[in-house]
1. For the stretch B:77-294, what is the Kirkwood hydrodynamic radius in Å, using each pair of distinct C-alpha atoms?
2. In terms of Cα to Cα distance under 18 Å, which lysines are near enough to B:Lys24, apart from those fewer than 8 places away along the same chain?
3. Using 5 Å bins from zero, what percent of all Cα-Cα pairs in the stretch A:56-189 falls into each bin?
4. Using r as the Cβ-Cβ distance of A:Thr397 and B:Val51, and R0 as 51 Å, what FRET efficiency do you calculate, to the nearest 0.05?
5. For C:Lys266, list the aspartates and glutamates whose Cα falls under 16 Å from its own Cα; do not include residues on the same chain fewer than 8 positions away.
6. Largest first, please: the extent of the C-alpha atoms of the stretch C:40-162 along each principal axis, to the nearest Å.
7. From largest to smallest, what semi-axes in whole angstrom does the stretch A:317-410 give when each is the square root of 5 times an eigenvalue of its alpha carbon gyration tensor?
8. So if we plug the beta-carbon distance of A:Leu437 and B:Met286 into 1/(1 + (r/R0)^6) with R0 = 51 Å, what FRET efficiency do we get, rounded to 0.05?
Amino acid sequence: MKLKRVVAAALVALMGVSSLTGCNVAKDSEKSSDASSKTEMKGEGQDEIDILIYAQEHEKAAYEDLIKKFTQEHKDKIKKVNFEVTTQDEYATKMTAAMTAGDLPDIFYVGPDSVRSYVDNGYVLPLDDYVDQKVVDNLWPEIKSAYQYDGTKVGSGSLYCLPKDLSCFAFAYNKDLFDEAGLDYPDPQKPYTYDEFLDVCKKLTKDKDGDGEIDQWGVANANAFGMTPYLYSNGARFLNEDYTKVNITDNKKLKDAFQYYVDLTAKEGVTPTVEQDTALGGYQRWLDGQIGFYACGTWDVAAFMDKKTFPYNWDLCGWPVGPDGDGKSTTWLGTVGFAVNKDTKYPDLCTELISSLSTDLDGQKALSGETTGKSMQIPNIKDYATTTFKEKVKDGTIPYANNLDVIFGYVEGNDKYQGIFSESTYTYNAEWWDTFLEGIPNVQSGKISVDDYFKEVEPKMQDALDNAIKLQNTATKN
Amino acid sequence: MDRVETQVINHKKEYATHSVKSSKQKIGDVIIFILLAIGAVAMIFPLIYMVATSFMTKNQILSGTLTLFPDPILLGKYSEVLSKGQFISGIFNTLKIEVPVLLVGGFTSSLAAFAFAKLRFRGKEAFFLALLATIMIPFAVVMIPQYVLFTRLHWTDSLLPLIIPGCFGNVGMIFFLRQNLYSIPTEMMEAAKLDGCSYFGTYWRVFLPLMKGALGTQLMLWFMGIWNDYLAPTIFLRSESKWTLQVVIRSFNSYYAIQSDYALIMAASVIAMIPTLLLFFIFQRMIIESIAISGIK
Amino acid sequence: MQNAIKVKPKLSEMARREERWAWLFIAAPFVGFLCFMAYPIVFAVFASFSRWTGMNSLTGNLVGLANYADILTDPKFWKSMVTTIIYMIGIPIGMFLGLVIAMALNRMKYTKRFFTTVYYVPVVSSLVAVSILWAWVFNYDYGLFNTVIKALTGTHGPNWLGDEVWVKVAMIIFMTWKGLGGSIILYLAGLQNIPRDYYEAAKIDGANGWQLFRHITIPLISPVTFYILITSLIGGFQVFVEVQVMTGNGGTNYSAATIVYYLYDKAFGNNQLGYGCAVAVLLAVIIFIITALNFKGQDKWVNTMD
């Protein structure tokens, strides 16, 4: 009996010590973060809101301003906003961990690819009853439909997210290299065909310093992002229409387009070799002026306009169009959206906050560059984007490439351009796609032919896809 | 107490080395010295490179020719790192974990090691094996359930997930200290009993002073482990104000690598390495000797 | 001698008191063990029988051994297993170098401390920092290695991190470099424990340097070797951060991925937490078997002096 008491006493003492230090720690760090705090996100109310997103530094600054403003406006209600920013790599891990622990923040990102699983498992709040219809009507239709889900199909039904952005992956060229080579600039009204593009690339690929080694290339592509625009622009897809079957070996459009794509490296040599690419990525080479064409996401514009980062003249153009598609230059669109936890204690406050994060005019002006001079995205508010934003680009208030219409072409769609969501958006996870990506360097370096690679990889991709479908179905059971 | 001290002195004598060298041996020594020096350069070159890079401009780093001498010398990166609030708060957060863990964890571990080595009780082997088996469990196995646990305890917005488990002791340390205590004769135990010491008194007054060296070594290694840990903090820590040093450095890497600010990352890494290096340099004799005494088996 | 526990049929009051105190003394680590290891392990084993994604219900998706069956038929699992084992080539290399360097250091009088620190630097430096650095060292065009190779041979060196075979060599070099200091310290300590007289006596009998090494150093240092072997094997099965930081995506065609990388990729990259738990359980079983086999085999070569 005595022993028991001793054990208990010791444990209590031990816990006491550790919890004591624990308390101190918590208090101290709160103090120190207050001291260094540039972010006053505290009010006098009761409600405490947790936010978890990933962001670049300047995006973070813009959102911090918005949250501060919001906190001030609602300081009678809000006690504190915990704004946690992580990196894109770690975001998924953190969210998974938070979900398993039943500890989701009140506001977080959900991409269109995971709307279904989040809704099926009951994690996100339908926004229909909370968000002003005017706000919704002013969103780009493409994004709105990406976040609508009716329980069986994405594209209609309740709205679950307000977009953080709608981005597109356009193409850019280095004007200075064109001038040097005496070439005409690409025509934004008329994207190149495959053949024309190859031709121009060949003329841009050369050995500038005469040491016998190529040091300037027509184009550089990052497989994970910069390959699908070539393939999509030939009308090629990897999956069947309901995204249940991988279809690549019996798929002439895809095979031709992929052959064209790898030949840029393997046969024509108009891109850096696989080895050179691992040594110094295409992005860096483009910044160093070694590359004629390179991809330009809407989020890249600010960096490319910054002469310290990229001291060359450049402009936007369309991805080359293959012979077998519908003749439109096609790229992928990206978006991620703000969602509200279904179990949040403050649905009204949270939905109001995400409306502000998503569509506050000042916020959009900052993120798209009118007030900051750094354009990270095109504005989420359609009215503003198609009017003032365009004007401000034209009159130079917002540093931007001249051919802004290329981006609007991809986003809005027209007879030359279109944007689509990549196929992995519609599958539970992207493992089938990663499986395809993993071996591409071997095809590009000529170690394996396209035919053999397709034969080898197709069953593996199908396995991964089957697996994803299985997991998708477990989700719906809840 | 007298007996205790003579024991310690005997210990030290055994390991003192003494020899007079012949000229043949001396030539051998010179050759070995040269070989060791070459090896040392190979070992440390990447780090010299790291220090050099921290003074270089981006253009020089990416110039494609390997140089060790920054030209021009860029000093600003160190002050830039140190002026970042994140970096300083990262250091403080790490220290806030170190201090309670090392104090409390060092105490609980050494107490348990004492029990395992010197006391008789049923289930000793079983308890010990159970503890030891945990070394074999990859962190990946326990990570998710641990996170669930910490969240339910509402610890995830503080440093507690990194502090509390450590306070319960460290298996590697218990193992090591147990080995160390085996080298101290059990008669000490009897002597202490005769002196009227309680069990805790025996630990506190007799054995704790005797394992000072080993305990210090283990604490130092543990300190370095916590200092350099990054997987657990990444997963368990939520708000940026709680980030530890390594998480901060890693975030520099993902923020600045795109903008190629390698100099900044390297400067941060250099600063982060200094404390561990200094500790090791100062205490290395003690570390090696205490490992030797513990006789690994 | 040392751990002679006298088992008495009936415990005296004295012994009982001792036992209670002992239990109290080990209470903290044991409670820690229950909360932070035992409970998570049970949880992981349970989750390994579920098609749990982290989002869906854990208990509502129990599938028996299906996860295990899927793992064992997944070529990626076997590929990462083979890679993990290939990386272990570094273990004997590291042990050999560690012993040789420790012996060399032991002959140094004034510079021993300095050199030991230098060799130990990689161990205490943060993995994140040195991985960034080594990615540079292995860079195809600008890296230290290929610059040296080009200067010496005039030909371009291999694509260290991009090639399916060379990436393994690169990882082995990196991990050996990182771990070498640890074995050196342990061997230095071990060498201190070998009594001088053994060498003196053998020398008088006319033994040369190699014989001393072969017949005295190697057998008497074998407990240390055994310890390093065990801990490196256990660590070797858990390699992860190195791969993640150095190759980003596990290398071309998954060529650099280890089992734990595979586990993370599945669990967090593709939301298959139950599956990930099953991989973890398999891994723990493998490590357990290997360690047990080692302990069984140790009688054959590990010299126990006392």
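1. This gives a value of 19.4 Å.
2. Within the straight-line cut-off, B:Lys24 pairs with C:Lys109, C:Lys203.
3. 2, 7, 13, 15, 17, 16, 10, 6, 5, 4, 3, 1, 0
4. Numbers: r = 44 Å, r/R0 = 0.86.
In this case the efficiency is close to 0.70.
5. Reachable aspartates and glutamates: A:Asp89, A:Glu90, A:Glu431, A:Asp434, A:Glu438, A:Asp463, A:Asp466, C:Asp70, C:Asp74.
6. That gives 65, 40, 25 Å along the principal axes, largest extent first.
7. Details: eigenvalues 185, 87, 16 Å².
Equivalent ellipsoid semi-axes, largest first: 30, 21, 9 Å.
8. Numbers: r = 51 Å, r/R0 = 1.00.
For R0 = 51 Å, the calculated efficiency reads 0.50.
No value in this document is a laboratory result; all are computed from the given coordinates. Just so you know, these numbers come straight off a predicted model, no measurement behind them. Backbone-built Cβ (ideal geometry, glycine too); neighbour counts: all protein chains shown.
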